[in-house]
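Below: one structure, written as structure tokens.
The values are calculated or read from the model by the stated rules, or taken from the named source; none is laboratory data. This is a predicted model, so every value here is computed, not measured. As a convention, Cβ positions derive from the backbone with ideal geometry for all residues, glycine included, and neighbour counts pool all protein chains shown. The area values use the complete protein model at the heavy-atom level, side chains included, leaving out ligands, DNA and RNA. Shrake-Rupley method; radii C 1.70, N 1.55, O 1.52, S 1.80 Å.
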Amino acid sequence: MPDQSGPPLVLGIETSCDETGVALVRGDELLVDAVASSMDEHARFGGIIPEVASRAHLEAMIPTIERALGTADVDVSEVDAIAVTAGPGLVGPLTIGASAAKALALGLGKPLYGVNHVIGHAAVDALVDGPFPERFMALVVSGGHSSLLLVDDIATKVTELGSTLDDAAGEAFDKVGRLLGLPYPGGPHIDRLAREGNPAAIRFPRGLTAAKDQDKHAYDFSFSGLKTAVARWVETKRDAGEELPLPDVAASFAAAVADVLTAKTIAACHRHGVDTLVVGGGFSANSQLRDMAAERCAAEGITLRIPPIRYCTDNGAMIAALGSAVVAAGVAPSNLDIGVDSSMPLTTITV
Ligand code: KG4
Ligand code: ZN
């Protein structure tokens, strides 16, 4: 039997995209993280189909909750609070998770906390690397988001410094993957190719880094111009009947993305006097970003915290972790009539 003393036991439910995640967290301790993915069903469409994802969540929800409880040897009656992703994400999938969480909260008579998915991507790091410092920077990068957050308190005070104006980093990789003829999702394939190429072979543009962007978009990102530049470059080579140096294209493209992400993030750390950076989201698997962030943070005296990749992709632990922080901070629970918000602002930590 698990230890029943100590901080409240929080059950977290994540369903914002294609992963059904259920986890149990007590304080900063992760008891179990169960996940079921419908990615295989989406791969053949070359993108996530919300309707397919919703149905998969509906089927996976109860088995995943039961698997989590069983693995942790916890009876559902021992759960003290339920946390669930309230947004941002796909409305249908979010609704399945919220409905399950409400049913549990109602049935058990325990409080419900609707929390922000993107902030969860940062919160999960406390389960791995321990308590957060007083103030830190969080870079959350995935197929759906690229956001730079200044975190004063993960449960109560998060400021959005910037985000992408168009494509997310992972999305840009997936689109460039498609134009290079790679399977979906293209991100990991480009990463692999890039490791064999020369990142300085082609000088692709760095979006929103011009002097004129420093006022309004110092910490925002834009990857659509880069994607177009890659498309033009590839087209020119193909029209000329030349063979594409795929590893060099991949490496040069990946370097442009990693360069902008790390340069802006480190500038924000200096600007706000912050010496800890947490990186989260599925795109933090990217080798070019990891290598450049490690190198630049070390050179600038910034402590870099990146959880293992299974906690960077969507999972229940991130939601249980944020729920646990919110409960510990004494934040009021959500009402049982909360809705979900596909474009939930990043300053809204709980609803
Ligand atoms: O967090 P995640 O699993 O799902 C979203 O919430 O989007 O992130 C998946 C995204 C996809 O766009 C995928 O191509 C990208 O992250 N990705 C990568 C790598 N691994 C995953 N992109 C580049 N390099 C990688 N190694
Ligand atoms: Zn995510």
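A few comments on the model shown:
- Under the membrane-span-like helix rule (DSSP H runs whose alpha carbons stretch at least 15 Å along the helix axis, mean Kyte-Doolittle hydropathy 0.5 or higher), the chain yields 91-108, 246-271, 316-328.
- Cα gyration tensor shape for the range 237-351, rounded if a/c is under 1.5, else prolate or oblate: prolate
- Residue-normalised accessible area of the chain, expressed per residue, 1.4 Å probe, Å²: 41 Å²
- Surface composition of the chain: carbon plus sulfur atoms contribute 52% of the solvent-accessible area (1.4 Å probe, protein chains only, all chains present).
- For q = 0.12, 0.15, 0.20 Å⁻¹, Debye-computed log10 I/I(0) when each Cα of the range 1-131 counts as one equal scatterer: -0.44, -0.68, -1.16
- Pairs of Cα atoms nearer than 8 Å and 6+ residues apart set the relative contact order; for the range 69-212 it is 13 percent.
- DSSP-defined antiparallel bridges as percent of all bridges, the chain, nearest 5: 60 percent
- Charge context of Gly92, other residues only, Cβ under 13 angstrom, K/R +1, D/E -1: -1
- Taking every C-alpha pair closer than 8 Å and separated by at least 6 residues, the mean separation divided by the residue count of the chain gives a relative contact order of 26 percent.
- Proximal charge balance of Cys297 [Cβ under 12 Å; K/R count +1, D/E count -1]: -1
- With loop membership from DSSP and a limit of 13 other Cβ atoms within 10 Å, the longest segment of the chain without GluC sites (Glu not before Pro) is 1-133.
- Calculated FRET efficiency for the pair Arg178/His270, C-beta based, R₀ 41 Å, to 0.05: 0.65
- Cβ-based charge dipole, the chain, positive-most Cα from Val35, Ala325, Ile302: Ile302
- The simple spin-label model puts a point 7 Å past each Cα toward its Cβ; for Ala200 and Thr348 those points are separated by 4.8 nm.
- Relative frequency of Cα-Cα separations exceeding 25 Å in the range 102-231, percent: 44 percent
- A cut-off under 13 angstrom between Cβ atoms defines the neighbours of Val351, and their net charge, with Lys, Arg +1 and Asp, Glu -1, is -1.
- The Kirkwood radius of the chain, taken over pairs of alpha-carbon atoms, gives through the Stokes-Einstein law at 37 °C and 0.692 mPa s a diffusion coefficient of 159 µm² s⁻¹.
- Length-normalised contact order of the range 19-73 in % [C-alpha pairs under 8 Å, at least 6 apart]: 43 percent
- Amide N of the range 32-63 lying under 16 Å from the label point, which is placed 7 angstrom from the Cα of Thr71 along Cα→Cβ: 32-38, 60-63
- Theoretical FRET efficiency, 1/(1+(r/R0)^6), r = Cβ-Cβ of Glu242 and Arg310, R0 51 Å, to 0.05: 0.80
- Given Lys157/Lys264; Lys175/Lys264; Lys212/Lys264, the pairs whose alpha carbons are separated by over 18 Å: Lys157/Lys264; Lys175/Lys264
- Two-decimal log10 I(q)/I(0) for the range 167-236, as the Debye equation yields it once each C-alpha is a single scatterer, q = 0.21 Å⁻¹: -0.96
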